[in-house]
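Structure record follows, encoded as structure tokens.
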Amino acid sequence: MTLLIIEQLLNGLQYGVMLFLLAAGLTLIFGIMGVINLAHGSLYMVGAFAGTWVATETGSFWIGVPAALAAAMLTGFAVEAVVVRRLYARDHLDQVLATFSLILIFNQLIVLIFGRAPIYTALPPAFSESVELIPGLFYPPYRLLIIAVGLLVALGLWGLINFTRIGMLVRAGSTNREMVRALGVDIRLLYTFVFGLGAMLAGLAGFMTGPILAVQVGMGEQILLATFVVVVIGGVGSIKGAFVAGIGLGVIDTCLRAFLPGLLRNLMPASEADALGLGISSMGIYLLMAVVLLIRPKGLFAVEG
Amino acid sequence: MTRLIFPALIFLSFLFLPVLADLLGESVLRTMGARIMIYAICAASLNLILGYGGMVSFGHAAFFGIGNYVVGILYHHYASGEPLWGLIPGSNQMLITLPAAMLVAGIAALIIGALSLRTSGVQFIMITLAFAQMLFFLFVSLKTYGGEDGIIVRRTNALFGLNMRDKTTVYYVILGVATLYFLALWRIVNSSFGAMLSGIRQNERRMAAMGISTYRYKLYGFVLAGMSAGLAGALMANMLRFASPDTMHWTKSGEFMIMVILGGVGSFLGPILGSAAFVTLETYLAGWTEHWPLVLGLILLIVVLGTRGGIKGLIDRLLGGRS
């Protein structure tokens, strides 16, 4: 039982860092530009498809990584230049709808190019055998790789935000956008940089999910809503919030899904318990968000501004 | 007088649409007309809080879906003969199911609204979305009521001994309900309550300074909108003879927002035009190419980025510069 719990905690951690990779970009875009970007999930999907395609064509998982990053980043730049740039001065309603239409467009473009059937990313050979972490617990090393990459990215972002000039502008931008502009900073360049960075992280997350889940149209929306929950719980604009909320939600969501149906089976017939357990665990993160917002309407680590 | 011409024109075109459909032999026109009216009710209710009240709710499909399910669940218990929780008997009478749908949706809106309206801005958008998703997953997990598959309502609810198997009869029942609804909405929008909602959108702080409890009036608006969406959902279950969790999916909430935007935010007739445009686009684009969401997305993007006031704004400008 303990082994099972450790395994699920690791799975939760892996899902959590994935949520963090997406939420970090989203929360910066939110916090600095004030834009609700529903199309963030599409960038995740673009990264997954581009990376997987390159990896399959070249036969090497590792060449897929830069391809995924580049594709997502270029798509991000294009989206920012063509659509998002016009939304900075608009209200939330226009932003939601414009980026919602981007979801429709991207999903259909992917169908046009790759078709509707899901595609799979091959695992790099070095990571295909399970390793024994502690006696009795076998765990796929690929998931450990994801956790490591996620934590490294978190560390890198922390350094970037806290110790570089760009990071200083980002922090200033999320506290008071107008003031940064008034002080003569080229805010458009900063916006483009932040959007590209967010897109790149989304693309990385998308490609790394490839070998675990199927790469298919609509994969972006599945994780998008969970990412928004992370951003809102963590506090809009806060990387720290995105990290804490991402890991927390990843673990909670995974454990609910893994253990709740089993617990409910003690109370009711198996088939009903499975359905209800799945339903309640799917509701879990939303319930948590509602509770957090009622207690702290701006999220856990809200940026003062 | 002139401002009555446009609503009258809309009413007359819906009145004669089934006749036209029969003449052309295109029964799809009648189905489309019914869908347009139902979506128009729902979009108009969203417009009440979004366009007039400035509350960007991203969970409006929740109330639409609740109305949908009230009809489905009441029919389920009517057909099986077992009362719900041993207390509430099922029903297939439209005079019972429609008010019941509005009541349940209203109660849900009261609870969700009372909690959500404590936040604002992005957090409000996300918390309404969260509540809608919770309801969606709740209904998906209810195996008694079909889970993901939903409930089949074998027969449209009965009303005054009318022959509800006839699709045209159902159409005119929907037209009747929609007409009553829009007349009532007209009264609400032009009442002091409607003025207060607009005032809150324009400057909430000033309204509060005038001694108005803005939270309470926003909540009234939210509940009214929820009840109307419930009514629309109940009509939809009657028309399609089917209640499904898809009616509460978050993309449905997105579609309702699209209709409001397409028609023109904060204009009375906008939602009717918006839902007409949406249903027409959906029907004909889907017939034309399987990649219709691409075209719809592009049109929507152009409308959002390039126009002010949607279709209603466009018509007003064409008719001589009123905005």
Check: Counting just the residues of segment A:84-95 that are of a type outside the set (Lys, Arg) and more than 7 Å from chain B (Cβ to nearest Cβ), which one comes out surrounded by the fewest Cβ atoms within 10 Å (Cβ to Cβ)?
Finding: A:89
Next item on the list: Looking only at segment B:72-85, decide whether some residue is open to solvent by less than 60 Å² (accessible area, probe 1.4 Å), at pLDDT below 90 and of a type in the set (S, T, N, Q).
Entry: no
Check: Across segment A:265-294, which residue is farthest from the other protein chains (Cβ to nearest Cβ) among those that are over 24 Å from residue B:115 (Cβ atoms) and open to solvent by less than 20 Å² (accessible area, probe 1.4 Å)?
Finding: A:273
Notebook entry, point to check: Looking at A:264, A:260, A:287, A:256, which one is free of Cβ contacts under 8 Å to residues at least 60 places away in the same chain and farther than 27 Å from residue A:233 by Cα?
Noted result: A:264
Notebook entry, point to check: Which one of these does residue A:215 not meet: (1) over 11 Å from the mean Cα position of the chain (by Cα); (2) open to solvent by 20 Å² or more (accessible area, probe 1.4 Å); (3) closer than 27 Å to residue A:59 by Cβ?
Noted result: (2)
Note to self: I'd like the residue in segment B:251-264 that is open to solvent by 10 Å² or more (accessible area, probe 1.4 Å) and more than 15 Å from residue B:299 (Cβ to Cβ) and, out of all such residues, is modelled with the highest pLDDT.
What the structure shows: B:252
Note to self: All but one of (1) within 14 Å of chain B (Cβ to nearest Cβ); (2) of a type in the set (A, V, I, L, M, F, W, C); (3) assigned to a helix (DSSP H, G or I) hold for residue A:74; state the number of the condition that does not hold.
What the structure shows: (1)
Check: Of all residues in segment A:141-153, which are more than 14 Å from residue A:6 (Cβ to Cβ) and open to solvent by less than 60 Å² (accessible area, probe 1.4 Å)?
Finding: A:141, A:142, A:145, A:146, A:148, A:149, A:150, A:153
Notebook entry, point to check: Do the conditions hold for residue B:110, that is, is it away from every other protein chain (no Cβ under 14 Å), surrounded by fewer than 20 Cβ atoms within 10 Å (Cβ to Cβ) and within 28 Å of residue A:225 (Cα to Cα)?
Noted result: yes
Check: With respect to the numbered conditions (1) touching a residue at least 12 places away in the same chain (Cβ under 8 Å); (2) within 14 Å of chain B (Cβ to nearest Cβ), which one is the sole condition not fulfilled by residue A:118?
Finding: (2)
Margin query: Here's a check for you: in segment B:45-66, which residue that is touching a Leu at 6+ places or on another chain (Cβ under 6 Å) and under 24 Å from residue B:97 (Cα atoms) is surrounded by the fewest Cβ atoms within 10 Å (Cβ to Cβ)?
Written below: B:59
Notebook entry, point to check: What are the residues in segment B:23-35 that are surrounded by fewer than 24 Cβ atoms within 10 Å (Cβ to Cβ) and touching a residue at least 12 places away in the same chain (Cβ under 8 Å), if any?
Noted result: B:27, B:28, B:29, B:30, B:31, B:32, B:33, B:35
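The values are calculated or read from the model by the stated rules, or taken from the named source; none is laboratory data. Nothing here was measured: the structure is a model prediction, and the numbers come from that model. Neighbour counts are summed over all protein chains in view; Cβ atoms, including those assigned to glycine, are modelled from backbone coordinates with ideal geometry. Remember, those area values only see protein heavy atoms, side chains included, never the ligands or the DNA or RNA. Shrake-Rupley method; radii C 1.70, N 1.55, O 1.52, S 1.80 Å.
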